[in-house]
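I have placed the structure first, in the form of structure tokens, so that the comments after it can refer back to it.
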Amino acid sequence: MNRLILVLGVLVVLVMGIGFYMNAQTKQRMSEQMLTQQSESDVAEQALTAEQRFLQQNMPQETKEYVERAEQEKAAQQAKAEQASRDLVIKSEAIKKLRLEWDDTSRVADSTSRIALANPVQNLQRIRRDLDAMQLEGCLKESQGSLSSAMEMIIDGYIGFMSDKNLGEYYARMQFDKAAPLFADYERRIASCS
């Protein structure tokens with residue numbers, strides 16, 4: 001029985017030793033393959049950069065100048081695109097700020113009596129003029145148009161309300177109702193710009 005246990009122990013140690021040896025051999029082969037692949041990659045990269053240096057050194061002067069101009073134009077276009085993106089964000093925020101100011105002033109006008117509406121309406125007109133004075137392009141220009149038209153209708157409604165005691169309220173409500181879809185169009189357009 002002791003012999004059997006001894007033989008089994010030797011076999012287990014032998015199997016484990018063979019397993020460790022095979023595992024070490026596999027790791028070594030994988031390591032060598034990785035080094036070979038890395039070396040091939042390095043050689044290819046060095047050959048590419050050497051080829052680029054050779055081409056650049058042997059390139060005619062006017063071709064070099066053409067390549068330099070092309071690279072400068074590409075860099076300028078990229079800088080221009082980045083600036084346009086920053087400008088879009090800045091101008092979009094400026095429009096949104098005017099819209100918030102409009103909403104605050106409009107709430108004041110809504111709760112002001114007919115006789116005291118002149119000052120809130122003047123403030124609403126100033127906000128619309130500030131909006132119209134902004135130099136915008138593309139989708140922001142479309143947003144500006146929708147918002148300005150809606151503001152003009154609201155202002156007309158308040159002025160109609162102030163000038164006619166009998167029909168002014170009806171006219172104002174009609175103008176406010178016509179402005180609502182334009183405000184919604186502005187919101188949709190400004191959201192698509194961002």
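Things to note:
- Residue satisfying all of: in segment 153-194; open to solvent by less than 50 Å² (accessible area, probe 1.4 Å) and in contact (Cβ under 8 Å) with a residue 60 or more places away in the chain; farthest from the chain's Cα centre (by Cα) among these: TYR186
- Hits in segment 85-97 - residues which are touching a residue at least 40 places away in the same chain (Cβ under 8 Å) and not basic (Lys, Arg): LEU88, VAL89, SER92, ALA94, ILE95
- Answer from SER106, SER111 - the residue that is closer than 18 Å to PHE183 by Cβ, more than 25 Å from the chain's Cα centre (by Cα) and at pLDDT 90 or above: SER106
- Checked against the criterion of being assigned to a helix (DSSP H, G or I), surrounded by fewer than 17 Cβ atoms within 10 Å (Cβ to Cβ) and at positive phi, segment 113-131 has no qualifying residue.
Results for (1) under 21 Å from GLN144 (Cα atoms); (2) surrounded by 13 or more Cβ atoms within 10 Å (Cβ to Cβ); (3) not acidic (Asp, Glu), shown as yes or no for each residue.
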site	(1), (2), (3)
GLN78	no, no, yes
GLN83	yes, no, yes
ASP87	yes, yes, no
ILE90	yes, no, yes
LYS97	yes, no, yes
ASP103	yes, no, no
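- Evaluation of GLU73 against the conditions (1) in a helix (DSSP H, G or I); (2) more than 33 Å from the chain's Cα centre (by Cα) shows that the sole unmet condition is (2).
- Restricted to segment 132-146, and to residues there that are modelled with pLDDT of 90 or more and open to solvent by 90 Å² or more (accessible area, probe 1.4 Å), the residue that is farthest from ASP164 (Cα to Cα) is GLN135.
- Hey, ILE127 under 13 Å from TYR186 (Cβ atoms) and touching a helix residue (DSSP H, G or I) at 6+ places or on another chain (Cβ under 6 Å) or not: no
The values are calculated or read from the model by the stated rules, or taken from the named source; none is laboratory data. Because the structure is a prediction, the values reported are computed rather than measured. Note: ideal-geometry Cβ built from the backbone for every residue, glycine included; neighbour counts use all protein chains shown. The area values use the complete protein model at the heavy-atom level, side chains included, leaving out ligands, DNA and RNA. Shrake-Rupley method; radii C 1.70, N 1.55, O 1.52, S 1.80 Å.
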